[in-house]
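Enquirer: First, the structure itself, so that you have it in front of you.
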Ligand code: 0O2
C-alpha cells in the first residue's frame, strides 16, 4: 500500500463523514458548472459565439487535503475542511479571449445566490514565474435533503493560451523541486519569457477580435 492510500485511509478514519463531504463538494461543482454552461448556451444562441471553450473540474485528492490542513496547522476534521480550505472543489474555465474572462467572472458574481469570498487577479498582476489566471473563491448554496449548505468552490478562469502555459509549466516545474536542478535560473527565465510571449499573443488576438468587431458584448 502506498503513502497516498495510507493518507486516504487515515482521512476516512478521522473524518467519518469524508465520503459524504466529498459528495457535497461534487454537487457544488455541478451547481457552478451548470451556471457556466447556461451562460455559454445563452451566448451561443444570442451572439453565435461561445466565450467558454472548456470547463474542467476536480475534487482535491485526500492526500492533498491532508497536506494542506497540515500546512495550516489544522486537524483533519469535517469542520476544518469546510471552513479552513477553499479549494477542495475546483472548477477551471477556459475562455477564448481575455475580455471573456472578466465577463464570465462578472456574470457569475452578479448571480444572487453566489457569494464571492475572494478574488486573485493573476492577469493584472501575474506571478513572478509568469503564471496568469483569474481566481475566484465563491460560496454557492447546495440543497440537500436536510437543508441548504453553502459550499466553497475555487474557480480559475483563464484563456486557452494561459491554460497552455500553465498546464505545461505544471508538468515541468510546479511543485517539483526545480531549485535543485542545475541551471534552474535559466529555466525559470525561459518559462517566464514564454509566459510573456503568450500574454502578448493573447492581447493581439483580443485586438483582432476588436478590429473584426463582429462579436457583441452582452447588453
Ligand atoms: P492543483 O494541483 O492545481 O490543485 P492560498 O490558498 O491563498 O493560501 P494558494 O492555494 O497557493 O494560496 O492559492 P493560489 O495562489 O490562488 O493558487 C491556487 C491554484 O492556482 C493552484 O492549486 C494551481 O492550480 C494554480 N496555480 C497557482 N500558481 C501556479 C503556478 O505558478 N503555476 C501553475 N501551473 N498553476 C498555479 P494547487 O492546489 O497548488 O494545485
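The values are calculated or read from the model by the stated rules, or taken from the named source; none is laboratory data. Every value quoted in this text rests on a predicted model; they were computed, and no experiment measured them. Virtual Cβ from ideal backbone geometry, glycine too; neighbours counted across all protein chains shown.
Enquirer: Looking at segment 1-34, which of the residues that are free of Cβ contacts under 8 Å to residues at least 12 places away in the same chain and within 23 Å of the chain's Cα centre (by Cα) is surrounded by the most Cβ atoms within 10 Å (Cβ to Cβ)?
Expert: Applying the filter and picking the extreme gives 30.
Enquirer: Quick one: is residue 158 touching a residue at least 60 places away in the same chain (Cβ under 8 Å), within 19 Å of residue 36 (Cα to Cα) and within 11 Å of the ligand (Cβ to nearest atom)? I'd like the intermediate steps shown before the answer.
Expert: Numbers: touching a residue at least 60 places away in the same chain (Cβ under 8 Å): yes; within 19 Å of residue 36 (Cα to Cα): yes; within 11 Å of the ligand (Cβ to nearest atom): yes.
So residue 158 fits the description; yes.
Enquirer: Same structure again: Of the conditions (1) within 13 Å of the ligand (Cβ to nearest atom); (2) in a loop (DSSP other than H, G, I, E, B); (3) surrounded by 17 or more Cβ atoms within 10 Å (Cβ to Cβ), residue 135 satisfies every one except a single condition; which number is it?
Expert: (2)
Quick grid of which residues meet (1) more than 30 Å from residue 206 (Cα to Cα); (2) at pLDDT below 95; (3) more than 11 Å from the ligand (Cβ to nearest atom); (4) touching a helix residue (DSSP H, G or I) at 6+ places or on another chain (Cβ under 9 Å):
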| position | (1), (2), (3), (4) |
| --- | --- |
| 44 | no, yes, yes, no |
| 48 | no, yes, yes, no |
| 77 | yes, yes, yes, yes |
| 86 | yes, no, no, no |
| 91 | no, no, yes, yes |
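Enquirer: Name the single residue that is nearest to the chain's Cα centre (by Cα) among those in segment 58-75 being outside any helix (DSSP H, G or I) and either free of Cβ contacts under 8 Å to residues at least 40 places away in the same chain or within 14 Å of the ligand (Cβ to nearest atom) (or both).
Expert: Initially, segment 58-75 is screened for residues outside any helix (DSSP H, G or I), giving 58-61, 72-75.
Now drop any that are not either free of Cβ contacts under 8 Å to residues at least 40 places away in the same chain or within 14 Å of the ligand (Cβ to nearest atom) (or both), which leaves 58-61, 72-74.
Numbers: 58: 9, 59: 11, 60: 11, 61: 15, 72: 20, 73: 24, 74: 23 Å.
That would be 58.
Enquirer: While we're looking at this one, here's another question. Which of the residues belonging to segment 137-147 are free of Cβ contacts under 8 Å to residues at least 40 places away in the same chain and more than 16 Å from residue 83 (Cα to Cα)?
Expert: The answer is 143, 145, 146, 147.
Enquirer: Still on this structure, I have one more. Test each condition in (1) more than 16 Å from the ligand (Cβ to nearest atom); (2) without any contact (Cβ under 8 Å) to a residue 60 or more places away in the chain; (3) farther than 30 Å from residue 78 by Cβ for residue 122 and report the one that comes out false.
Expert: The one condition residue 122 does not meet is (1).
Enquirer: Looking at segment 171-219, which of its residues are at pLDDT below 90 and within 21 Å of the chain's Cα centre (by Cα)?
Expert: Listed by number, the residues that qualify are 171, 172, 173, 174, 175, 176.
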